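Here the structure comes first, spelled out in structure tokens, and everything after it is commentary.
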Amino acid sequence: MVSDAVVTPDDIIAAGERIRDMIRVTPVKHSASLSAVAGGPVWLKCEHLQHTGAFKLRGASNAAARLGDVAGVTTASTGNHGRALAHAARQLGLPAVICVSRLVPRNKLDAIAALGAEARVIGASQDEAFEEARRLKREDGFALIPPFDHPEVIAGQGTLGVEIIDQIPDAATIAVPLSGGGLLAGVALASKSRRPDIRIIGISMERGAAMAASLRAGRPVDVEEVATLADSLGGGIGRDNRFTFAMVRELMDDLILLTEEEIAAGIRHLSVADGEMVEGAAAVGAGAVLAGKLRADGPLVLILSGGNIDPARHAEIVGEAK
Ligand SMILES: *Cc1c(COP(=O)(O)O)cnc(C)c1O
């Protein structure tokens, strides 16, 4: 167990009750084709079918629902966390300001606005956008809800682990897409509290994986950000990481790294063989199985963590020759 735990299994149960009406219980689906490759039963946890298209709604909803008297919520993420927080804030009747840099494309701003939040364009970089979020917290009474390194966010993501154990009680292994580690920490804590023997495998891309580099270094380190098909797995874990680094180090049983081609193969296979359209980050479990890096010694659950991919890009990847 994590010493001096800041998140407990009971926190995850409480989170599940708190966000019950804000999220959907997503289905699990058997994959015959991946089972044949993996040598045992493979289940897909279809969290790409969550509202806003990713599991991030769980953590954002739990954190936002716990707030007392605040002027609103803010963050600087333009990806799945920004969407999730905008959606959660609307459910709760709270104003949301998502701070973005001038580099963020119009369609992303429109998507945030469509969820009822303000997309505040400020600064020339992600760092400057984040500075505005901090200012809103400091001066205007907003709550700044980060994408992963926050106890209530981790507890919210953990509700996905509870669902998996309810749906596949004999799961032997859960494969978890890994970036900042909020998802892995929550899912591992929830599932191991009920099934101490379950194995939790993290999967990231080979290049630019900050958690992998930090685990090697023994402390949170920055990595150079490089373009990857698994764009939701990019970004740092924060040099001042407080929770997820220690939890991942303690709770993760193994880490698999994938090449870009292996991630593309996962996207393609899930589309062609299983009929699921997922983004790169969500395809790493399938990619690992197809690459022969992950076998099913007992029931294997792959978390399809999100589906937010540009449809034209998806069609291109699926159409590419193997
Ligand atoms: C954020 C995200 C992840 C990684 O979650 P962490 O908590 O940062 O490790 C994986 N997949 C998708 C689709 C995401 O949006």
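The values are calculated or read from the model by the stated rules, or taken from the named source; none is laboratory data. Since we're looking at a predicted model, the values are computed, not measured. FYI the Cβ positions are ideal-geometry reconstructions off the backbone, even for glycines, and counts take in every protein chain you see. Side chains are part of the model used for accessible areas, which takes the heavy atoms of the whole protein and leaves out ligands, DNA and RNA. Shrake-Rupley method; radii C 1.70, N 1.55, O 1.52, S 1.80 Å.
Structural remarks
- Those residues of segment 161-198 which are in contact with a Leu (Cβ under 9 Å, 6 or more places away or on another chain) and either farther than 19 Å from K56 by Cβ or free of Cβ contacts under 8 Å to residues at least 12 places away in the same chain (or both), in sequence order: A171, A172, T173, K192
- In the set (1) within 16 Å of the ligand (Cβ to nearest atom); (2) open to solvent by less than 20 Å² (accessible area, probe 1.4 Å); (3) assigned to a helix (DSSP H, G or I), I98 fails one condition alone, (3).
- Segment 1-42, residues that are open to solvent by 70 Å² or more (accessible area, probe 1.4 Å) and touching a strand residue (DSSP E or B) at 6+ places or on another chain (Cβ under 7 Å): H30
- The single condition from (1) open to solvent by 30 Å² or more (accessible area, probe 1.4 Å); (2) not β-branched (V, I, T); (3) not in a loop (DSSP other than H, G, I, E, B) that E132 fails is (1).
- Of all residues in segment 173-188 being part of a helix (DSSP H, G or I) and near the ligand (Cβ under 9 Å from one of its atoms), the one that is nearest to the chain's Cα centre (by Cα): L183
- Filter result (among the hydrophobic types (A, V, I, L, M, F, W, C) and either more than 15 Å from L302 (Cα to Cα) or assigned to a helix (DSSP H, G or I) (or both)) within segment 189-213: L189, A190, M205, A209, A210, M211, A212, A213
- So R58, is it modelled with pLDDT of 95 or more, part of a helix (DSSP H, G or I), within 25 Å of F142 (Cα to Cα) and open to solvent by 10 Å² or more (accessible area, probe 1.4 Å): no
- Qualifying residue in segment 214-221 (condition: buried (at least 20 other Cβ atoms within 10 Å of the Cβ), part of a helix (DSSP H, G or I) and in contact with a helix residue (DSSP H, G or I) (Cβ under 7 Å, 6 or more places away or on another chain)): yes
- Among the residues of segment 13-29, some residue qualifies, meaning at least one is closer than 20 Å to I198 by Cβ, in the same structural domain as A296 (by TED's automatic domain parsing), within 16 Å of the ligand (Cβ to nearest atom) and of a type outside the set (D, E).
- Assessment of segment 150-158 against the conditions (open to solvent by less than 10 Å² (accessible area, probe 1.4 Å), within 16 Å of the ligand (Cβ to nearest atom), under 14 Å from the mean Cα position of the chain (by Cα) and polar (S, T, N, Q)) yields at least one matching residue.
- Checking every residue in segment 248-268 against the condition of being among the basic types (K, R), more than 16 Å from the ligand (Cβ to nearest atom) and over 15 Å from the mean Cα position of the chain (by Cα) gives at least one match.
Yes/no matrix, rows are residues, columns are (1) closer than 23 Å to V70 by Cβ; (2) in contact with a Pro (Cβ under 8 Å, 6 or more places away or on another chain); (3) surrounded by fewer than 16 Cβ atoms within 10 Å (Cβ to Cβ); (4) assigned by TED's automatic domain parsing to the domain that holds V70:
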{"position": "H87", "(1), (2), (3), (4)": "yes, no, no, yes"}
{"position": "V104", "(1), (2), (3), (4)": "no, no, no, yes"}
{"position": "I112", "(1), (2), (3), (4)": "yes, no, no, yes"}
{"position": "G116", "(1), (2), (3), (4)": "yes, no, yes, yes"}
{"position": "Q126", "(1), (2), (3), (4)": "no, no, no, yes"}
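- Among the residues listed as V318, V226, the single one being open to solvent by 10 Å² or more (accessible area, probe 1.4 Å) and more than 22 Å from H48 (Cβ to Cβ): V226
- Filter result for S204 (open to solvent by less than 10 Å² (accessible area, probe 1.4 Å), in contact with a Pro (Cβ under 7 Å, 6 or more places away or on another chain) and within 14 Å of the ligand (Cβ to nearest atom)): no
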